[in-house]
Amino acid sequence: MKLSRLFTGAALALVLPLCAFAQTKSSAPAPQSEGTVTKTSSAQVAPVRTKTSKPVKGVVVNLLTLKRINAQEASTLPNKSVLALLVGSRIVYVFKADGTSVGDDLARLADAPVGVIGRTLSRNGVTVMLADIVDTMK
């Protein structure tokens, strides 16, 4: 029971930053008159976004077991969206630039170190990449 709550909390922690990213990207700022002052609380702070020109290199891990996985094991998973990258000591959840999962690509490339080029979003200790390119690295 505690384990299922942990995974549910982890899944929400991964999805919520993307929801905030989609809202901040699509909404235009409201026009303001010259004399108004806008207050922002700490909850409304935008996530840190960086675009990487060189690939972020990591190994494919299963988020349910937090262990490295090979391509054969990954291909047998019914839900490939539980795959992520382990980069150093941090876990990076990877999406395509349009917001869909790259689980199928990570499952196919799981035997070798994987490189991802795209935008990195970090908020509250959770790191999400919006990938332009996902490929193996040597």
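The values are calculated or read from the model by the stated rules, or taken from the named source; none is laboratory data. All values derive from a computational prediction rather than experimental measurement. All Cβ positions, glycine included, derive from the backbone under ideal geometry; neighbour counts span all protein chains shown.
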Checklist line | Residue ID - nearest to residue 75 (Cα to Cα), chosen from residues in region 91-129 that are in contact (Cβ under 8 Å) with a residue 60 or more places away in the chain and among the β-branched types (Val, Ile, Thr) | finding: 116
Check: Which is buried (at least 17 other Cβ atoms within 10 Å of the Cβ) and either modelled with pLDDT of 90 or more or touching a helix residue (DSSP H, G or I) at 6+ places or on another chain (Cβ under 7 Å) (or both), of 83, 64?
Finding: 83
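Name the strands (runs of 3 or more DSSP E) wholly inside region 81-138 in which the number of residues that are out of contact with any Lys or Arg (no Cβ under 7 Å at 6 or more places or on another chain) and either of a type in the set (Asp, Glu) or within 19 Å of residue 64 (Cα to Cα) (or both) is 3 or more. Lay out the reasoning, then the answer.
Details: elements: 83-87, 90-96, 114-123, 126-136.
It comes to 83-87, 90-96, 126-136.
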